[in-house]
């Protein structure tokens, strides 16, 4: 069974800081990993999808890396802003479980002005 | 930019009642999903739907649940007889193709409260 864990559960940083969010998964046989942003009481916004054959994916100030063999992904946020405050979720799509995504519990990020 | 929409945004119902949650996936997408998130817990997969049939379902998706694509645009989740533990945020998602690498796009969710 795939387990997805995100560390830390919560993070508070001053504006402008660069930060790293971590995601680990127990089954390395994955097709892809998606990072999402969730604002309180809202839906999930897809930030990045990184395929199993890729090592990195970038979008603006966001950079996601994937080390499939060790079961780890990181989301790097450069020059954080108060508007980045949200919960960040990672989710993996396993090779053996069809199209379902398995989610981590998320990291709640607060960027202080 | 195209997006997944869901109605209603909040539904309150009495235990034992039937509810239907509605979703309009992105128009050229072919794969549809329902997930749920109980307050304070992880997002959990319920079901995926392709070519007018269920392609995969989780152990949560028991006989109380059903899905339907009644027309060319809507995708619905029905809960036949709601229980207190069905209270959650329900998310609809869609993806363009059936390939393994496809990105899933989520709607804003329907908050279901069962009293």
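Remarks
- Members of the range A:58-92 that are more than 17 Å from residue A:18 (Cα to Cα) and within 14 Å of chain B (Cβ to nearest Cβ): A:66, A:68, A:89, A:90, A:91, A:92
- Counting only strands (runs of 3 or more DSSP E) wholly contained in the range B:25-115, the ones carrying 1 or more residues that are within 13 Å of chain A (Cβ to nearest Cβ) and in contact with a strand residue (DSSP E or B) (Cβ under 8 Å, 6 or more places away or on another chain) occupy B:31-37, B:43-50, B:53-57, B:88-95, B:110-114.
- Selection status of residue A:33, in contact (Cβ under 8 Å) with a residue 40 or more places away in the chain, crowded, with 16+ Cβ neighbours inside 10 Å and assigned to a strand (DSSP E or B): yes
- Hits in the range B:1-15 (condition: more than 21 Å from residue B:95 (Cα to Cα), within 13 Å of another protein chain (Cβ to nearest Cβ) and part of a strand (DSSP E or B)): B:10
- Subset of the range A:41-54 (residues that are assigned to a loop (DSSP other than H, G, I, E, B) and in contact (Cβ under 8 Å) with a residue 12 or more places away in the chain): A:52, A:54
- In the set (1) over 14 Å from the mean Cα position of the chain (by Cα); (2) surrounded by 12 or more Cβ atoms within 10 Å (Cβ to Cβ); (3) modelled with pLDDT under 95, residue B:52 fails one condition alone, (2).
- Residues of the range A:76-105 satisfying the condition of being crowded, with 22+ Cβ neighbours inside 10 Å and part of a loop (DSSP other than H, G, I, E, B): A:99, A:100, A:104
- Scan of the range A:61-75 for residues that are under 15 Å from the mean Cα position of the chain (by Cα) and assigned to a loop (DSSP other than H, G, I, E, B), ordered by number: A:61, A:68, A:71
- Residue B:90 fulfils the conditions (1) under 21 Å from residue A:91 (Cα atoms); (2) modelled with pLDDT under 95 except for a single criterion, (2).
- Residue B:75 vs. criteria within 18 Å of residue A:102 (Cβ to Cβ) and either more than 10 Å from the chain's Cα centre (by Cα) or at pLDDT 95 or above (or both): no
- The range A:23-56 - residue that is farther than 22 Å from residue A:87 by Cβ and at the interface with chain B (Cβ under 7 Å from one of its Cβ atoms) and, of those, farthest from the chain's Cα centre (by Cα): A:31
- Filtered residues of the range B:27-49 (kept if touching a helix residue (DSSP H, G or I) at 6+ places or on another chain (Cβ under 9 Å) and surrounded by fewer than 17 Cβ atoms within 10 Å (Cβ to Cβ)): B:38
- Of the residues in the range A:12-19, not one is surrounded by 13 or more Cβ atoms within 10 Å (Cβ to Cβ), within 14 Å of chain B (Cβ to nearest Cβ) and at pLDDT 95 or above.
The values are calculated or read from the model by the stated rules, or taken from the named source; none is laboratory data. Remember, predicted model here, so these are calculated numbers, not experimental data. All Cβ positions, glycine included, derive from the backbone under ideal geometry; neighbour counts span all protein chains shown.
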